[in-house]
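Step one of this worksheet: look at the structure below.
The values are calculated or read from the model by the stated rules, or taken from the named source; none is laboratory data. Everything numeric here is computed off the predicted structure, so don't read it as measured data. Positions of Cβ are backbone-derived with ideal geometry, glycine not excepted, and every protein chain shown enters the neighbour counts.
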Amino acid sequence: MITHMNMLILILLCGIVTLLIRIIPFIMISKVQLPDVVVRWLSFIPITLFTALVIDSIIQQTPHGEGYTLNVPYIIALIPTVILSIITRSFNYYNY
């Protein structure tokens, strides 16, 4: 049986490993000048992630799995969000 102290140490070590895995690539890439093609390709990631999250939220499978329905409250919330993101250009897409 794992004691509370062992569990705390395990959680802290897992957190440190996760943090290192996420930080080390940023530290390594910050010292390198990326080609323009890579920067342009990376600029599409925010809009792609946003689209995937939105589609996953607004299209829901019916309870018995026979089809799909639209989540109307999410669609209503989506409309001002998209309008504001277009107005403010908050997706930081690449300007050609």
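Among the residues of the range 21-58, the ones that are loosely packed, with under 10 Cβ neighbours inside 10 Å and of a type in the set (S, T, Y) come to 1 in all.
Of the residues making up the range 2-19, one or more are surrounded by 10 or more Cβ atoms within 10 Å (Cβ to Cβ), among the polar types (S, T, N, Q), more than 23 Å from R89 (Cα to Cα) and more than 17 Å from the chain's Cα centre (by Cα). Among residues of the range 79-96 that are on the phi < 0 side of the Ramachandran plot and in a loop (DSSP other than H, G, I, E, B), those with a beta-carbon under 6 Å from a residue that is modelled with pLDDT under 85 and not hydroxyl-bearing (S, T, Y) at least six positions away or on a different chain give the pairs F91/P46; F91/I47.
Give me a count of the residues in the range 27-50 that are assigned to a helix (DSSP H, G or I) and touching a residue at least 40 places away in the same chain (Cβ under 8 Å).
Quick first cut of the range 27-50, residues assigned to a helix (DSSP H, G or I) only: 27-29, 36-42, 45-50.
In the following step, the residues that additionally are touching a residue at least 40 places away in the same chain (Cβ under 8 Å) were identified as 39-40, 46-47, 50.
Summing the residues that are assigned to a helix (DSSP H, G or I) and touching a residue at least 40 places away in the same chain (Cβ under 8 Å) in the range 27-50 gives 5.
Taking the range 59-77 as the range and being assigned to a loop (DSSP other than H, G, I, E, B) and surrounded by 10 or more Cβ atoms within 10 Å (Cβ to Cβ) as the test, only N71 passes.
Yes or no, residue by residue, for (1) β-branched (V, I, T); (2) more than 30 Å from V82 (Cβ to Cβ); (3) modelled with pLDDT under 90; (4) not assigned by TED's automatic domain parsing to the domain that holds S90:
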| site | (1), (2), (3), (4) |
| --- | --- |
| I9 | yes, yes, no, yes |
| L12 | no, yes, no, yes |
| T18 | yes, yes, no, yes |
| R22 | no, no, no, yes |
| M28 | no, yes, yes, yes |
| S43 | no, no, yes, no |
| T48 | yes, no, yes, no |
| I55 | yes, no, no, no |
